[in-house]
Amino acid sequence: MQMSDTRQIAATPSEVYAALLSPDVLKACVPGATEVTGSPEDGFEATVTQKVGPVKATFKGKVTLSEMLENQSLTISGEGKGGAAGFAKGGAEVRMAEVDGGTELSYDVEAKVGGKLAQLGSRIIDGFAKKMADQFFTNLQEALEGPANSEGEAEMEDAPKKGWLGRLTGKE
C-alpha cells in the first residue's frame with residue numbers, strides 16, 4: 001500500500017523537525033501507541049495496540065530514522081510483530097519546506113502486513129493504513145498548532161494556541 005499527501009502546518013520547519021524526533025510527540029501522534037522510548041540516533045522502541053477489522057493486536061517493534069537532513073527531510077521506518085495477528089512494517093519519507101505561515105509537510109508512505117492481517121484483504125488493509133497515516137499527521141499538526149477550534153467552543157478564535165513546544169517551554 002502506498003500513499004502520498006501534503007499538509008500545511010502553522011509551525012517552522014525546525015519545530016516540525018524537532019517534533020518528529022521527540023519520543024513524547026511520537027507517542028502522542030501514533031494512533032494506539034502506549035509506549036515510545038529511545039532516541040533518534042539509536043531508534044525508538046514502540047508498543048502500539050490496534051484493531052484492524054476483526055483482528056485486534058498489540059504490536060511491539062522498532063522505529064528508525066534515517067536520511068536525516070535537519071529541518072528539511074527524514075525517513076521514518078518501522079516494523080512490529082503482533083504475535084498470532086502477524087506483522088506490520090512500513091515507512092514514510094517526510095519533506096518539509098518553509099512557506100508563508102509555516103511549513104508545507106509532504107510525505108510518501110508505504111505499508112506492508114503479513115500473517116492473519118494479510119488475510120483480511122487489501123481493501124481493509126489499505127483503508128486502515130491510510131487512516132493510520134492521516135491520523136498520525138493530523139495528530140502531529142495538532143501537537144504543533146494546538147487543537148483546532150470547533151464551532152460552539154467557548155474559546156475565542158483569535159486566542160493564541162499553544163502546541164507541544166509552547167507547553168514545554170511555557171512560551172506561546
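Filtered by the rule that a residue be at pLDDT 55 or above and acidic (D, E), segment 120-172 gives D126, D134, E142, E145. On inspection, A85 does not qualify as exposed (fewer than 15 other Cβ atoms within 10 Å of the Cβ), in contact with a strand residue (DSSP E or B) (Cβ under 6 Å, 6 or more places away or on another chain) and at negative phi.
Any chance segment 80-103 includes a residue that's under 16 Å from A143 (Cα atoms) and at pLDDT 90 or above? Yes, the conditions are met somewhere in segment 80-103. In the set S77, S66, only one residue is crowded, with 17+ Cβ neighbours inside 10 Å, of a type in the set (S, T, N, Q) and part of a strand (DSSP E or B); that residue is S77. Just a yes or no: is a residue in segment 127-135 assigned to a loop (DSSP other than H, G, I, E, B) and surrounded by fewer than 16 Cβ atoms within 10 Å (Cβ to Cβ)? No, the conditions are met nowhere in segment 127-135.
Answer with yes or no whether A10 is touching a strand residue (DSSP E or B) at 6+ places or on another chain (Cβ under 6 Å), surrounded by 14 or more Cβ atoms within 10 Å (Cβ to Cβ) and free of Cβ contacts under 8 Å to residues at least 40 places away in the same chain. The answer is no for A10. Scanning segment 28-58 for residues that are buried (at least 18 other Cβ atoms within 10 Å of the Cβ), out of contact with any Leu (no Cβ under 9 Å at 6 or more places or on another chain) and not in a loop (DSSP other than H, G, I, E, B) yields V48, Q50. Within segment 94-112, is even one residue assigned to a strand (DSSP E or B), aliphatic (A, V, I, L, M), out of contact with any Gly (no Cβ under 9 Å at 6 or more places or on another chain) and exposed (fewer than 15 other Cβ atoms within 10 Å of the Cβ)? For segment 94-112, residues assigned to a strand (DSSP E or B), aliphatic (A, V, I, L, M), out of contact with any Gly (no Cβ under 9 Å at 6 or more places or on another chain) and exposed (fewer than 15 other Cβ atoms within 10 Å of the Cβ): present.
The values are calculated or read from the model by the stated rules, or taken from the named source; none is laboratory data. Predicted, not measured: the structure shown is a model, and the values here were computed from it. Cβ coordinates were reconstructed from backbone atoms using ideal geometry, including for glycine residues, and neighbour counts include every protein chain displayed.
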